[in-house]
1. Tell me the trypsin sites (Lys or Arg not before Pro) within segment 79-171 that lie in a loop according to DSSP and have at most 15 other beta-carbon atoms within 10 Å.
2. How far, in degrees from 0 to 90, does helix 255-266 lean away from the longest principal axis of the Cα atoms of the chain, to the nearest 10?
3. Put a dot 7 Å past each Cα toward the Cβ at Ala85 and Asp136; how far apart are the dots in nm?
4. Of the peptides 145-153, 91-99, how do they stack up when ordered by the mean number of other Cβ atoms within 10 Å, highest first?
5. Asp186 to Val317: extension gain in nm, 0.36 nm per residue of separation minus the Cα-Cα distance?
6. So what is the relative contact order for the chain, in percent, with contacts set as C-alpha pairs under 8 Å and at least six apart?
7. If each residue's Cβ is checked for other Cβ atoms within 10 Å, how do Val304, Val58, Val290 rank with the fewest at the top?
8. Can you give the Kirkwood hydrodynamic radius for segment 189-307, in Å, rounded to one decimal and based on Cα pairs?
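Only the coordinates and a few stated rules stand behind these numbers; no lab work does. Remember, it's a predicted structure, so these values are computed and weren't measured experimentally. Using ideal geometry, Cβ is built from the backbone for each residue, glycine included, and neighbour counts are taken over all protein chains shown.
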Amino acid sequence: MTQGHRPLAAAHVRVDVAGSSANLGPGFDAVGLALDVRDTVTVRCRAAADPQQPRTTVTVSGEGAGQVATDDRHLVARWVRGGLAGLGAGADAFDLELGCTNSVPHGRGLGSSAAAVVAGLLAAWTLVHGDARSADGLDRVAWLVDASAAAEGHGDNAAASVMGGAVLAWSAPGGYRAVPLEVDPDLPVVTCVPGEVLLTDVARALLPATVPHADAAFTGARAGLLVHALRGHRELLLPATEDRIHQQQRAGAMPGSAQLLTALRAERVAACVSGAGPSLLCLGAPVEHVAAVAERCAPGAWRVGRHDVGAQARADVLG
């Protein structure tokens, strides 16, 4: 340990974090829903053999294997070090060994980057504070929401991965905040995941700097309705997932998704783009119905799956 850095409470930890769907139509950058698709990360931490050149090794299985970096450029590793620095333990004081088992698809709008950031930060918290829910005047959940949302630039996916369930996230002068939203525990949740990837930065670049007042008012009203509909008013899910400020504007970057979205909604399925896309999220509809529409639109092009609402991020001390 480098002089002046705080000691660690643990040297070996495991965390697992849910993927998520953001926006849910009108809740742009504000509403997120955790899904039962999770990434698991183990982190082993040792005093750096060379503090001038701390080492990071990452092994990856599942989604992203053979495609993502296996050193300090890996997103989870980056935020383990960032979290250690933010908590006073020092970013460069340790050699890190990470093992990542990924189930959240990458580049599909299902919150893989937010899950990675949350996993790194939660691992850092657990290394520094062990199983403690609060320390140094910080609440673990509040710290994770603020730090991960700040890294992402918005809190919908990140807060859902931290807290589980559905969340409403916002920014304030003191940082990012989130509160849970009530969700019908029996609500059918279905995702349609295509083979192609759409980078979030590309999708976000297509959004205009301003929107017409009428479109903002329309979408704001639908966002309020969404909160009500999620509680169990399934008859309202179709209008509650309407949006005018981001989905149509990005349709050109994912024409297959736009086509399927139109077809699903014509069948009165409450479908919306999941995050930045290209995956779609469907609420309140049987998976068989969604799959049948997807097969008619583009045979074999979509991986359609039924999901439960995801649980909060979890951490264990292994040694």
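1. On the way: sites: Arg81, Arg108, Arg133, Arg140; in loops: Arg108, Arg133.
Passing sites in segment 79-171 are Arg133.
2. 50
3. 1.4
4. Numbers: 145-153: 22.8, 91-99: 19.8.
Per-residue mean Cβ counts within 10 Å order the peptides as 145-153, 91-99.
5. Details: separation 131, 0.36 × 131 = 47.16 nm, distance 3.29 nm.
Using 0.36 nm per residue and subtracting the Cα-Cα distance, I get 43.9 nm.
6. Numbers: 769 pairs, mean separation 82.1, N = 319.
Once normalised by length, the contact order is 26 percent.
7. Values: Val304 18, Val58 21, Val290 25.
By the 10 Å Cβ count, ascending: Val304, Val58, Val290.
8. Details: mean 1/r = 0.0681 Å⁻¹.
Computed over segment 189-307, the radius equals 14.7 Å.
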